Amino acid sequence: MRGEAGSMEFREITGNMKKCELEVCAYSLESCRAAKEAGADRVELCTAMYDGGTTPSAAMIRMARRITEGMELYVMIRPRGGDFLYSEEEFLQMQEEIRYVKETGADGVVLGILLADGRVDRERTAQLVEWASPMKVTFHRAFDMTCDPRAALEEVIESGCYRILTSGMHNTAPEGADVLKELVEQAQGRIQIMAGSGVNASNARFLRDTGVNALHMSGKSVRDSDMTFRNPQVFMGGVPGIPEYEIAYSDRRKIREVADILGN
């Protein structure tokens, strides 16, 4: 079984790991550069921030790989926003996206597939893990939308994933700290647990002390657009309230503060 073989590898890798790594969720090339300059270990490359992250463009992936040379690059594989229950066509799209990402020389991909009843779609996840090899796979916060986190952990391990990104079944990782501790204890080094959502310098030590293998942050800041003419009547996404004249980016200072706490 893939999960059983993988368990030995994870025990060897995570059992000896003392450092808590830092991953930056980057929605732009600017943010990739900030993550590298600030001392992060890894970039998770995404687009569509207000959808929670979807697959970036081919050009963005290629350029990000050049920018992040010398550090790990993982690419989001998510065909759309919304739920994690995917059609057969969407599943095939995910396979094609993985194939392309592998060709760019990325180190890993980030994905998650659920069944309608809230369980992990172990069969199709395992297929994508096999398709992605030798890249590693992070099962993203679809994990936090499962019906039973303890069962989901075992299903993700059995599917062959290398890492789980989770906020401990809560909106933010600090709120889910108790669950994070439970997941680390249950995992017993068979898979990495990475805490994400709401991570910053004020809670990095607290989250590190839950025993997780990594922290995941965006270091988000915003700056005002340089546009002098502005039309306040139009929302390009059709959703009032989403800022049209703010530029979001990963702040080097915020990333560096957390990196320093983790000893990067």
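The values are calculated or read from the model by the stated rules, or taken from the named source; none is laboratory data. Quick caveat: nothing in here was measured; it's all calculated off a predicted structure. Virtual Cβ from ideal backbone geometry, glycine too; neighbours counted across all protein chains shown.
Test Ala64 against the criterion of being part of a loop (DSSP other than H, G, I, E, B) and aliphatic (A, V, I, L, M), and give yes or no. Outline the logic, then answer.
Numbers: part of a loop (DSSP other than H, G, I, E, B): no; aliphatic (A, V, I, L, M): yes.
In short, no.
Taking the criterion of being aromatic (Phe, Trp, Tyr), in a loop (DSSP other than H, G, I, E, B) and under 25 Å from Val43 (Cβ atoms), would at least one residue in the range 140-162 satisfy it? If you could, list the steps in order and put the result at the bottom.
Residues of the range 140-162 aromatic (Phe, Trp, Tyr): 143, 162.
Still in the list and also in a loop (DSSP other than H, G, I, E, B): 162.
Okay, now just the ones that are also under 25 Å from Val43 (Cβ atoms), so 162.
Yes, the conditions are met somewhere in the range 140-162.
Report yes if some residue within the range 117-131 is surrounded by 13 or more Cβ atoms within 10 Å (Cβ to Cβ), under 22 Å from Thr68 (Cβ atoms), in contact with a strand residue (DSSP E or B) (Cβ under 6 Å, 6 or more places away or on another chain) and not small (Gly, Ala, Ser); otherwise report no.
So far as the range 117-131 goes, no, none of its residues is surrounded by 13 or more Cβ atoms within 10 Å (Cβ to Cβ), under 22 Å from Thr68 (Cβ atoms), in contact with a strand residue (DSSP E or B) (Cβ under 6 Å, 6 or more places away or on another chain) and not small (Gly, Ala, Ser).
Answer yes if at least one residue in the range 13-22 is under 19 Å from the mean Cα position of the chain (by Cα), more than 30 Å from Glu246 (Cα to Cα) and at pLDDT below 95, and no otherwise.
Scanning the range 13-22 turns up at least one residue that is under 19 Å from the mean Cα position of the chain (by Cα), more than 30 Å from Glu246 (Cα to Cα) and at pLDDT below 95.
Of all residues in the range 103-146, count the ones that are touching a residue at least 12 places away in the same chain (Cβ under 8 Å), under 22 Å from Met60 (Cα atoms) and among the polar types (S, T, N, Q).
2
Can you pull out the residues in the range 177-203 that are farther than 20 Å from His140 by Cβ and aliphatic (A, V, I, L, M)?
Hit for the range 177-203 is Ala201, nothing else.
Name every residue in the range 69-93 that is over 16 Å from the mean Cα position of the chain (by Cα) and either buried (at least 17 other Cβ atoms within 10 Å of the Cβ) or polar (S, T, N, Q) (or both), in order of residue number.
Tyr86, Ser87, Gln93 - these are the residues of the range 69-93 that are over 16 Å from the mean Cα position of the chain (by Cα) and either buried (at least 17 other Cβ atoms within 10 Å of the Cβ) or polar (S, T, N, Q) (or both).
Name the residues in the range 163-210 that are of a type in the set (A, V, I, L, M, F, W, C), part of a loop (DSSP other than H, G, I, E, B) and either touching a Ser or Thr at 6+ places or on another chain (Cβ under 9 Å) or buried (at least 24 other Cβ atoms within 10 Å of the Cβ) (or both), would you? Give the steps one after another, and end with the answer.
Quick first cut of the range 163-210, residues of a type in the set (A, V, I, L, M, F, W, C) only: 164-165, 169, 173, 177, 179-180, 183-184, 187, 191, 193-195, 199, 201, 204, 206-207.
From what's left, part of a loop (DSSP other than H, G, I, E, B): 169, 173, 191, 199, 201.
Of everything in the range 163-210, those that are of a type in the set (A, V, I, L, M, F, W, C), part of a loop (DSSP other than H, G, I, E, B) and either touching a Ser or Thr at 6+ places or on another chain (Cβ under 9 Å) or buried (at least 24 other Cβ atoms within 10 Å of the Cβ) (or both) turn out to be Met169, Ala173, Ile191, Val199.
Which one of these is among the aliphatic types (A, V, I, L, M), modelled with pLDDT under 95 and closer than 16 Å to Cys161 by Cβ: Ala48, Ala5?
Being among the aliphatic types (A, V, I, L, M), modelled with pLDDT under 95 and closer than 16 Å to Cys161 by Cβ holds for just one of Ala48, Ala5, which is Ala5.
Residues being in a helix (DSSP H, G or I) and within 12 Å of Val24 (Cα to Cα): count how many of those fall in the range 36-61.
3
Just checking, how many residues over the range 211-264 are without any contact (Cβ under 8 Å) to a residue 40 or more places away in the chain, in contact with a strand residue (DSSP E or B) (Cβ under 7 Å, 6 or more places away or on another chain) and either closer than 21 Å to Ala48 by Cβ or surrounded by 12 or more Cβ atoms within 10 Å (Cβ to Cβ) (or both)?
8
So, Pro149, is that one surrounded by fewer than 24 Cβ atoms within 10 Å (Cβ to Cβ), over 23 Å from Ser87 (Cα atoms), without any contact (Cβ under 8 Å) to a residue 12 or more places away in the chain and not basic (Lys, Arg) or not?
For Pro149, the condition - surrounded by fewer than 24 Cβ atoms within 10 Å (Cβ to Cβ), over 23 Å from Ser87 (Cα atoms), without any contact (Cβ under 8 Å) to a residue 12 or more places away in the chain and not basic (Lys, Arg) - is not met.
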